[in-house]
Amino acid sequence: MNYKKISIASVAVGMFAAGAAFAQNAEIATWSGFRKAAVSFTFDDGPQSDVDIALPMFDKYGYKATFNIVTNWANGGNSGMLNWDGVKKLASSGHEIASHSDSHPQNGAMPSSEIASSKGTLNQKVQQKYGVITLAYPNCNTPGDAQVLKNYVVGRICNASWSGGSDIMGKDGPNNWAAVAAMMTGNQGTSDFKGNMDKAVNQGGWVAFLTHGFTTGSNGFANYSPTDAKGMESSLQYAQQKDKDIWVAPMGYVAMYIKERKASKIEPQDGGAANTMAFELKHSIADNISKYDYPLSIRVKSDWKKVEVTQDGAKLESKVDGGYIYFDAVPNAGKIVVKNADAAPESSSSAEPPQSSSSEVAGSSSSTTALPTQAFDGRHLAAYVDASGYIVVQGAQGMNITVFNSLGNVVRTTKGLGFEQKVYTGAKGVYVVKIGNKAWSLKIK
């Protein structure tokens, strides 16, 4: 299995208190969850079928995709294309909203002036924690690498194989982040999702797919090389079956993970007690696009059987398997403490959960008193259950998070650390997630 390994055992014992006796090797996973490959699904243009077909399909399997929007087409009056309400619906389900220019010229590259303007329009219309960090080029032609990378984490082309490159990217991503490859799907591209995902697994790499509408549904201007929806759903089912190997995530998020992983280091800290060990996860990436606080997957070799992991006081989801402690942590988000302890009992609090009947955002609930109401300062929040059965929140950095079970008992209180965070996994059933004065009802299957 590929991973970036940082030895902490050689650090001088004098740096630690009693917890130093437990300091062992820590590893940062090449891909989230120590999986073997990354897969991204991207959708261009913004047809109505993105909401009618793609959205329920991806939500069914707990996966998130990247939707590249032509801003002028979303302004209304274009048959078969999403309006802004539809685009916001995608964002509210936790999907990445990205740019596909303002005007989508029929030939050649998009005007260079639209590199920043399309991003600005999307940021005005749709709230996302980082705003828009991905640009997909109309007609696959870059309008200028340098300008793109001043505004975006990723600039996406089409098939790299069309110009002699490889459509399966390596573990460190492309040589040029303004030319990230994506395989065209449909009758002018590939229908072999499973085969290409398997190639990525075998190579330990990253494959992305590019879709323009479906063979059914309202596709509007997204009518080039339509894709069979049943074939795509079959691929998501396959990815879920191979969840231990395949990480499905939006293009911008995979790019952030790669960049953070390559730049990060683990530094040992004083655990403070004989039954604890402590670390900090740090990187020095700095630009005006992102804070690069997507969580990285870490494992620590240990013979402890039951543990509790916190970062800056916030409880992190963790598991012990095969002599390792596994958890996700956010770079530059504070001290990580791993405690050797019996499993912490769930809270018996009987605080009344907020009422919510769907996975959409509910209104405020004055009856929920576990945590104080907080202001949202215009940010976008999302909560969902992913393919691995974890309740995940987005955009809640610095905010208190409470998870209630179906009986109204509090099963988890924590706070948001970075862009995206696993906050709970447990028995099958319905849970309510409260962030500030909003709530989501979610089902772990």
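The values are calculated or read from the model by the stated rules, or taken from the named source; none is laboratory data. Computed from a predicted model, the values in this text were never measured in an experiment. All Cβ positions, even for glycine, are placed from backbone atoms using ideal geometry, and neighbour counts span all protein chains on display. Note: accessible area is taken over every heavy atom of the protein model, side chains too, but ligands, DNA and RNA are not part of it. Shrake-Rupley method; radii C 1.70, N 1.55, O 1.52, S 1.80 Å.
Centroid-to-centroid, using Cα positions, segment 157-184 and segment 257-330 are 30 Å apart. Helix 229-241 and the long axis of the chain differ in direction by around 20°, with both axes built from C-alpha atoms. Model label points for residue 176 and residue 203, set 7 angstrom from Cα along the Cα-to-Cβ axis, are 1.8 nm apart.
Against the main long axis of the alpha-carbon atoms of the chain, helix 114-125 sits at an angle near 60°. Proximity of backbone amide H atoms, modeled 1.01 Å from N, is registered between residue 246 and 36 at under 5 Å, excluding neighbours fewer than 5 places apart on the same chain.
Here's the picture: charge each Lys and Arg Cβ at +1 and each Asp and Glu Cβ at -1 in the chain, and of 322, 103, 288 the one pushed furthest to the positive end of that dipole is 322. For the chain, adding -39500 (n - 2.57) for each run of n ≥ 4 DSSP H residues and dividing by the number of residues yields -5000 deg cm²/dmol at 222 nm. Using a 1.4 Å probe on the protein chains only, how many percent of the accessible area of the chain belongs to carbon and sulfur? Result for the chain: 46 percent of the exposed heavy-atom area is carbon or sulfur.
Taking the Cα centre of the chain as reference, the dipole from Cβ charges on Lys and Arg (+1) and Asp and Glu (-1) amounts to some 780 debye. Each of residue 406 and residue 223 was given a label point 7 Å from its Cα along the Cα-to-Cβ line. The distance between the two points is 4.8 nm.
Please sort 400-407, 227-234 by packing, taking for each peptide the average over its residues of neighbouring beta carbons within 10 angstrom, highest first. Provide the component values of the computation, followed by the final result.
Values: 400-407: 19.9, 227-234: 18.0.
Ranking, from highest mean packing down: 400-407, 227-234.
Per residue, the chain exposes an accessible area of 39 Å² to a 1.4 Å probe, with every protein chain left in place. Across segment 133-142, rounded Karplus estimates of 3J(HN,Hα) from the backbone phi angles (6.51 cos²θ - 1.76 cosθ + 1.60, θ = phi - 60°) give 10, 10, 10, 9, 7, x, 6, 6, 10, 5 Hz, Gly and Pro being marked x. Where (1) 1.02; (2) 0.98; (3) 1.07 are the candidate values, the label of the one calculated here for Cα Rg over 2.2 N^0.38 Å is (2).
Against the main long axis of the alpha-carbon atoms of the chain, helix 193-203 sits at an angle near 50°. Applying the Karplus relation 6.51 cos²θ - 1.76 cosθ + 1.60 with θ = phi - 60° to segment 258-263 yields 3J(HN,Hα) values of 4, 5, 5, 4, 5, 9 Hz, where x marks Gly and Pro.
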